[in-house]
Amino acid sequence: MSPSEKTRRLSAMRPGASGRVLRVMRENPDRADRLMALGVTPGATVTVLQRFPGVVFLCDHTELAVEPAVARAIVVELE
Amino acid sequence: MSCAQAAVREPAADPLLTLRARPRRIALVGNANVGKSVLFGRLTGQYAVVSNYPGTTVALTTGRVVLGGEVCELVDTPGVTALEGALTEDELVARRILNAGQTDVVIQVSDARNLRRALMLTSQLAAIGRPMVLVLNMIDEARVHGIVIDAAGLAARLGIPVVETVATEGRGIAGLRDAIGRAAVPAFDAPHRGDHAHLAHDLAVQYRCYRRRSAARIQERLGRLVREPLTGLPILAIVLYGMYLAVGVFGAQTLVGLIEGGLFEQFINPGAIALVNRAVPWAVARDFLVGEYGLITMGLTYAIAIVLPVVATFFLVFGFLEDSGYIPRLAIFSDRIFRTMGLNGKAVLPMVLGLGCDTMATMTTRILGTPKERLIAVLLLALGIPCSAQLATILGILGGVSFFALVTLFGVVMLQMFLVGFLAARTIPGERSEFIMELPPLRLPQLGNIVRKTLLRVRWYLGEAVPLFLFGTALLFTLSRLGLLTVLTEAMEPVVAGLLGLPKDAATVFVMGFLRRDYGAAGLFQMSKAGELDGVQAVVALTVMTLFVPCVANFLMMVKEQGLKAAMGILGAVTVIALGTGVVLNAILRGLHVTF
Ligand SMILES: Nc1nc2c(ncn2[C@@H]2O[C@H](COP(=O)(O)OP(=O)(O)O)[C@@H](O)[C@H]2O)c(=O)[nH]1
């Protein structure tokens, strides 16, 4: 697999899929800061738990619920 | 990993020998929901309201703690996720306390399961440069997850004491008291601005290791059942039904029956009347105490016998749901709907709390991200969310009419809320914030905690409500004595009797409702019990009442949160919408010859 096939936006990951955060897009700095404060930073392990009605994922040991736009800003390297 | 080779080096102690003109001040700081309030209670022997979501510790709690023979002041600050960058109001409050110069020692409380997040905050606190202690709380839960932290190694590296605790069981508290005396300014090199994440990550990897995890399975499975729509929505329905059984049936019918029908009508009121008649020679004073609008026969009866049981049972149920970690999960389901109303899923917290008391809920709107969201939430609370006393009246009256009547009322109210929210989202300037929410772990709540919390809230409610009930009754008494009640009632008659099609006595009820919404609701209850309302009238009156002007306490809270101008604006808008809706609803129901 090429590297691009192994990277995904969190919003495009299937429930159950996990990986490591590569980066958080900074087009909205406030959002990026908030995510960082909650532990969504490069290197953190994420596992998608569900996608509907909202995206819920586990980041290390914190369970987070976000709207789709936020999930799109998180770039993950799949395991 | 260095978990095994724990280098034990005492961090440099920072002796505080100066004589103090004021007590040493210690601040508890940390993410929301890490156990600060419980720890506060353990250290001071006092109790701060423990909650599963931010915004509840809004008013700062301070207490005294004796350390090594010295009395110190302990401050519990609101939960924070960060102290740099874009900050929420709670975070600004916390930072102001830290920077204020009166804080001598900072105790950072953290959830041991989230070491990385904790260290990110530690790194930011280090930049402030005060002596500090790092508490790794919830060690019990961390164990369950197989997490082991090398506290001694971390302490050596950071240059501050690191203490492990289980606040709920009181474990590690003695060690913490001890460590406060050794608090030190962090000695590691603070990273360049913004790079706290990097440092935190490195430290977490170095000082944390994972063992085989034991039984977190049930928690996980339960979390899944609650959050997935297929199982989550039926569970929500069951929870709501359970709430209705507890508050609407047990509280509003059984308890109210016992206290009002039993205690008050049989003993207290006749006793008070007999006593007053014998002891008070003036007719006016007698009337004032035990007459039609008597302080005891009306004010106290409503406050204690009708409203209190309902509010108390609601707070009990709410406390249970809150401590179990269930309420934040509702945000997942409601996020989409709230987004069309200019809010996000987080708004479900004040809305659910509003079902207990809108005044309290209005106060908690400050957990929302932007001024626009806070304004919309305050407006919607005032307009459409019935408090527990009103809910009880609605269920009590309309439950006796028909299920269809109930559906009509809630349908109309929800439609109005949605419409108003939809329009407000598009007309009020500003932005909504994005939905990013932490879900606390599901836990079995501790009974003692729930009971204490309920008692605290009931006390808050009594202190705030009973005086208003009595004030309202006194005002009513004065108005009626001066003949103004008739004037006011007659002035409102064209609207009430003509457009809304209600008996003209309902005008009195609306006047009372202005003083206190649930008070008015209770008045309607009496009218319906006396058979003065038919089905359509009951639905129209209750719809208007539900949408109507918030109670005085709620209005004052609106002024406090949003300023006088915004509060007046909301008051005006809500009044117009409530009356307008009532008029239209009445016309439609009469036009269609609905009888319920
Ligand atoms: N298992 C466990 N639960 C705890 C511990 N400390 C606090 N809690 C629970 O965590 C929840 C949040 O605590 P709270 O003091 O309100 O956190 P705060 O928001 O930081 O003030 C409450 O339900 C507490 O009972 C602990 O050491 N172990």
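Here, each number is a calculation from the coordinates, and none is a lab measurement. It should be emphasised that the depicted structure is a prediction, and the values quoted were computed from it without experimental measurement. Positions of Cβ are backbone-derived with ideal geometry, glycine not excepted, and every protein chain shown enters the neighbour counts.
Just a few scattered comments:
- Sorted on the mean count of surrounding Cβ atoms within 10 Å across their residues, most packed first, peptides B:269-279, B:432-442 read B:432-442, B:269-279.
- Taking the longest Cα principal axis of chain B as reference, the axis of helix B:388-399 is set at about 40 degrees.
- Shielding of peptide B:432-440 by partners, expressed as the average count of other chain Cβ atoms within 10 Å per residue Cβ, is 6.
- Peptides B:452-458, B:155-161 ranked from most to least packed, by the mean per-residue count of other Cβ atoms within 10 Å: B:155-161, B:452-458.
- Mean per-residue shielding of peptide B:84-90 is 3, counting Cβ atoms of other chains within 10 Å of each Cβ.
- Long pairs among B:LYS372/B:LYS453; B:LYS346/B:LYS453; B:LYS36/B:LYS346; B:LYS346/B:LYS560; B:LYS36/B:LYS453, criterion Cα-Cα beyond 26 Å: B:LYS372/B:LYS453
- Antiparallel DSSP beta bridges within chain B, as percent of all bridges there, nearest 5: 40
- For the protein assembly as shown, share of DSSP beta bridges that run antiparallel, in % to the nearest 5: 65
- Qualifying aspartates and glutamates (Cα of each under 19 Å from Cα of B:LYS529; at least 8 residues distant if same chain): B:GLU260, B:GLU265, B:GLU292, B:ASP505, B:ASP518
- Full-stretch length increase - B:GLU431, B:VAL594 - with 0.36 nm per residue and alpha-carbon distance subtracted: 54.4 nm
- Of the residues B:THR362, B:THR370, the one with the fewest other Cβ atoms within 10 Å heads the list, and the complete ranking is B:THR370, B:THR362.
- Residue-averaged [θ]222 nm for chain B, counting only DSSP H segments that reach four residues, each worth -39500 (n - 2.57): -17500 deg cm²/dmol
- About its Cα centre, the dipole of the range B:139-210 is roughly 120 debye, where the only charges are +1 on Lys and Arg Cβ and -1 on Asp and Glu Cβ.
- Computed lengthening from B:VAL239 to B:THR478, 0.36 nm per intervening residue step minus Cα-Cα distance: 81.6 nm
- Taking chain A as a Gaussian network of alpha-carbon nodes connected by springs under 10 Å, the highest mean-square fluctuation of the residues A:ALA69, A:ALA44, A:ALA17 belongs to A:ALA69.
- Label reach from B:ALA587 (point 7 Å along Cα→C-beta): in the range B:493-507, amide nitrogens under 20 Å belong to B:493-503.
- Rounded if a/c under 1.5, otherwise prolate or oblate - the range A:3-78, Cα gyration tensor axes: rounded
- Each Lys and Arg Cβ is given +1 and each Asp and Glu Cβ -1; about its Cα centre, chain B then shows a dipole of about 1040 debye.
- Sites A:GLU77 and B:PHE471 - FRET efficiency at Förster radius 51 Å, r taken between beta-carbons, to 0.05: 0.20
- Shielding score for A:25-38, defined as the mean number of other chain Cβ atoms within 10 Å: 5
- Global geometry of chain B, whether rounded, prolate or oblate, following the gyration tensor of its Cα atoms and the 1.5 cut on a/c: prolate
- On Cα atoms only, tilt of B:447-481 relative to the major axis of chain B in degrees: 30
- For the protein assembly as shown, a/c is not less than 1.5, where a ≥ b ≥ c are the root eigenvalues of the C-alpha gyration tensor, and a/b tops b/c. That puts it in the prolate class.
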